[in-house]
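Colleague: Below is a structure I'd like to ask you about.
The values are calculated or read from the model by the stated rules, or taken from the named source; none is laboratory data. Just so you know, these numbers come straight off a predicted model, no measurement behind them. Cβ: placed from backbone, ideal geometry, glycine included. Neighbour counts: every protein chain shown. Quick note on the areas: whole protein, heavy atoms, side chains included, nothing else; ligands and nucleic acids left out. Shrake-Rupley method; radii C 1.70, N 1.55, O 1.52, S 1.80 Å.
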Amino acid sequence: MTLKILHRPPSVDDTERPVPRWAMRLAYALPLLLLPACLWRLPFAAHFEMGQIQEGGLPSYWLSIPYVLGLSVLTELVAFLTIGLVRGWGEVAPAWIPVIGGRRVRPMAAVVPAVLGGLILTFLFTAVPLGGDRDLTFYGVIDTVEYTNGAWNALATVCVAPVAAWGPITIALAIAYYRRRVRGVEA
């Protein structure tokens, strides 16, 4: 019996038409881009406020721990789904999926949810600073979170700011998928 410690990475040429290099890199980078935000929110589950000045208290542990852990895991799982826009399992459903396994995925069945999801993510995470500790978002003017010092504020910005790119990246990958699958255009 031999141990296979080193292995060959899976082939990335399993798509019907070649995937643009920028799309491949962006799809694989997205989960890593969101990872700092997921790690940033984990201490909040244990009621460590990460330098934030909280007006109200945090919810009890039995609520905060599953919520924060679940949100972080869900964020990464959804980010990993965007890899399907550049891989073969986004064109042909994997065989282990009941009912649809092994069948071709209709392009619009992947494009429509990806674009809608990208628009929702853009809607949720886009904010324009107005000054005076206020931000303009699609859902109104909100007060920004205050921090005990500039170091916490800088760390929060570095960790959380990339989340704003999640929606536009998903939309760009969905458009590249559409162009490749429907129109047969290489971007």
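Colleague: Which helices, taking whole DSSP H runs in the chain, have alpha carbons extending 24 angstrom or more along the helix axis plus mean Kyte-Doolittle at least -1.0?
Modeller: For the chain, where a helix must reach 24 Å along its axis and average at least -1.0, the hits are 21-45, 61-81, 107-125.
Colleague: Now for a separate question. Could you provide, to the nearest whole Å², the per residue accessible area of segment 1-141 with probe 1.4 Å?
Modeller: Heavy-atom SASA per residue in segment 1-141 reads 69 Å².
Colleague: Which label belongs to the value computed from this structure, given these candidates for volume of the Cα convex hull per residue in Å³: [x] 142; [y] 198; [z] 119?
Modeller: [y]
Colleague: A further question on this structure: Does segment 38-85 come out rounded, prolate or oblate, given a ≥ b ≥ c as the square roots of the eigenvalues of its C-alpha gyration tensor, rounded meaning a/c under 1.5 and, failing that, prolate meaning a/b above b/c?
Modeller: prolate
Colleague: In debye to the nearest 20, how big a dipole does the chain give about its Cα centre with +1 on each Lys and Arg Cβ and -1 on each Asp and Glu Cβ?
Modeller: Roughly 1160 debye for the chain.
Colleague: Hey, got the dipole for segment 90-172? About the Cα centre, +1 on K and R Cβ, -1 on D and E Cβ, debye to the nearest 20?
Modeller: Roughly 580 debye, rounded to the nearest 20.
Colleague: Next up: Per DSSP H run of n ≥ 4, the term is -39500 (n - 2.57); total these for the chain, divide by its residue number, and report the mean residue ellipticity at 222 nm rounded to 500 deg cm²/dmol.
Modeller: Result for the chain: -16000 deg cm²/dmol, rounded to the nearest 500.
Colleague: Counting only protein heavy atoms and using a 1.4 Å probe, what share of the accessible area of the chain belongs to carbon plus sulfur, as a whole percent?
Modeller: 68 percent
Colleague: How would you classify segment 48-137 from its alpha-carbon gyration tensor, with a ≥ b ≥ c the square roots of the eigenvalues: rounded for a/c under 1.5, else prolate if a/b is greater than b/c, otherwise oblate?
Modeller: oblate
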